[in-house]
1. Let me confirm something: among T58, T108, T88, which residue is surrounded by 21 or more Cβ atoms within 10 Å (Cβ to Cβ) and more than 22 Å from E191 (Cβ to Cβ)?
2. Mind checking which residues of segment 110-132 are within 19 Å of A91 (Cβ to Cβ) and not hydrophobic (A, V, I, L, M, F, W, C)?
3. Within segment 169-210, can you find the residues that are near the ligand (Cβ under 9 Å from one of its atoms) and either not small (G, A, S) or not in a loop (DSSP other than H, G, I, E, B) (or both)?
4. Which pairs turn up if I take residues in segment 197-215 that are open to solvent by 20 Å² or more (accessible area, probe 1.4 Å) and look for partners that are more than 8 Å from the ligand (Cβ to nearest atom) and assigned to a strand (DSSP E or B) with beta carbon separation below 9 Å, at least 6 apart in sequence or on another chain?
5. When the residues of segment 211-252 are filtered to those that are outside any strand (DSSP E or B) and hydroxyl-bearing (S, T, Y), which remaining residue is farthest from S21 (Cα to Cα)?
6. Do we have A167 as closer than 22 Å to V280 by Cα, at pLDDT 95 or above and out of contact with any Leu (no Cβ under 8 Å at 6 or more places or on another chain) here?
7. Counting only residues that are aliphatic (A, V, I, L, M) and not in a loop (DSSP other than H, G, I, E, B), which one in segment 153-168 is nearest to the ligand (Cβ to nearest atom)?
8. For segment 1-33, which positions are of a type in the set (K, R) and in contact (Cβ under 8 Å) with a residue 24 or more places away in the chain?
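The values are calculated or read from the model by the stated rules, or taken from the named source; none is laboratory data. What you see is a predicted model; the values in this text were computed from it and never measured. Positions of Cβ are generated from backbone atoms using ideal geometry, with glycine treated the same way; all protein chains shown enter the neighbour counts. The protein model used for the area step is the full one, side chains on, heavy atoms only, and it has no ligands, DNA or RNA in it. Shrake-Rupley method; radii C 1.70, N 1.55, O 1.52, S 1.80 Å.
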Amino acid sequence: MHDETKCLKVPRAIGAFNSLSVPVHRASTIVFESVEAYQNRRSAIYDGYSYGLYGTPTTRTLEHAIAALEGATRALMVPSGFAAIVLTTLAFCATGQRVFFPDNAYDTVRPFADRFLGRYGIVPVFYDPMIGGGISDLIDSSVQLVWVESPGSMTLEVQDVPAITAACRVKGILTAADNTYATPLRCKPLELGVDISICAASKYISGHSDVVMGSIATNNEDLFRQLKDHSRFLGQGVSADEASLVLRGMETMAVRLDRCEQSALHLLPMLDASNAIREVRHPALAGNPGHEFWKRDFTGSTGLITLFLEPWTQKLLPAAIEAMDQFAIGASWGGTKSVVAVLDSPPLRTATPAPHDGPVVRLSIGMEHPDDLTCSLEKCLTILTGGTPSGETTTKDVGSA
Ligand SMILES: *Cc1c(COP(=O)(O)O)cnc(C)c1O
């Protein structure tokens, strides 16, 4: 064999090898033993290996881990949390059919519904997230899929998911849950009667703000196969490298969630006491919409807190946010580092009025020492309430933003 060929025909090192970590298997081409096996490769799309895009040992390992956590028989990884929403919607809704989204759905859902679904003749309907079993009056055979997202994005209403899924099941309508907030460690939507549970693994599951991925889980083999087929038709797959990051993050998810939750609970009283804040939202607060459903259906909360500020704080808000030296300003959440997101007013709603009209601040409480977070928030609240921040001047940690 010539040297040029030897460079290509590198013999594999063989022998027993079993690392404690999950190996990263990169692949496009999968090699088959025979022509017949190659010609039958399509049958491997759901379980085996036929092409790198459709699954590698690394991505299948992650899918099995997610399925086990969700209490599902099947899971499918997709390129982002939003891709999980899009894929699920497109796999089950056809022209002329209606799909229901809660009024507080993840923000990209609304432009997707209004500007994309319409082109394919799929009719989106936004509904009151607190509707519960009352959804029965709105749905008929033209509805193919009802989404729940609990707690909902930004405003954190907890839905009566069992009442909604029961109403849908009676009418033969599929239900899907966006379980990103809770992760399968805090809530298992399939146990609440939902057919499909999706998560943005970009948030708590991977947990380090360095990977974007989504998961879709179900107990229904037929639904799983339709989802997998559609992921193929849409050309979607995930890389082994990124799947391994999610697997690594998942190992510490339970302790990360506990830490973020504890710190958030620790900070709630001080936020509640500030006269700059009209309402604090966190599912563990007795006044949070749907708190009773949270107590019934969840095993805990997380580090996400939403603040509805008094309208008069608007002018001071940028300086107050920038004074929070432990918080990076940015979208997304669920990582190890604290992040703050700011909106001038609550997100658009069409089925229900916005809870308040002032600015909205979302805190993703991270794993810093809670005293440092308290100190950051004190600086913010002092500025908001019109005083000057006590103590030293601060510089934003740009490296962490
Ligand atoms: C972030 C998020 C998504 C989208 O996830 P990406 O991975 O960023 O696409 C979907 N739903 C909820 C509730 C989210 O918070």
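1. Of the residues listed, the single one that is surrounded by 21 or more Cβ atoms within 10 Å (Cβ to Cβ) and more than 22 Å from E191 (Cβ to Cβ) is T58.
2. Passing the criteria: G118, R119, Y120, G121, P124.
3. Within segment 169-210, D178, N179, T180, Y181, I198, C199, A200, K203 qualify.
4. Sorted first by the residue in segment 197-215, then by its partner, the pairs are K203/S364; S209/A328; S209/V339.
5. Keep residues of segment 211-252 that are outside any strand (DSSP E or B), which gives 211-213, 219-252.
Retained after the next criterion (residues that are hydroxyl-bearing (S, T, Y)): 231, 239, 244, 252.
Values: S231: 28, S239: 17, S244: 9, T252: 14 Å.
Restricting to residues being outside any strand (DSSP E or B) and hydroxyl-bearing (S, T, Y), the top hit is S231.
6. no
7. The qualifying residue nearest to the ligand (Cβ to nearest atom) is V161.
8. Matches in segment 1-33: R26 only.
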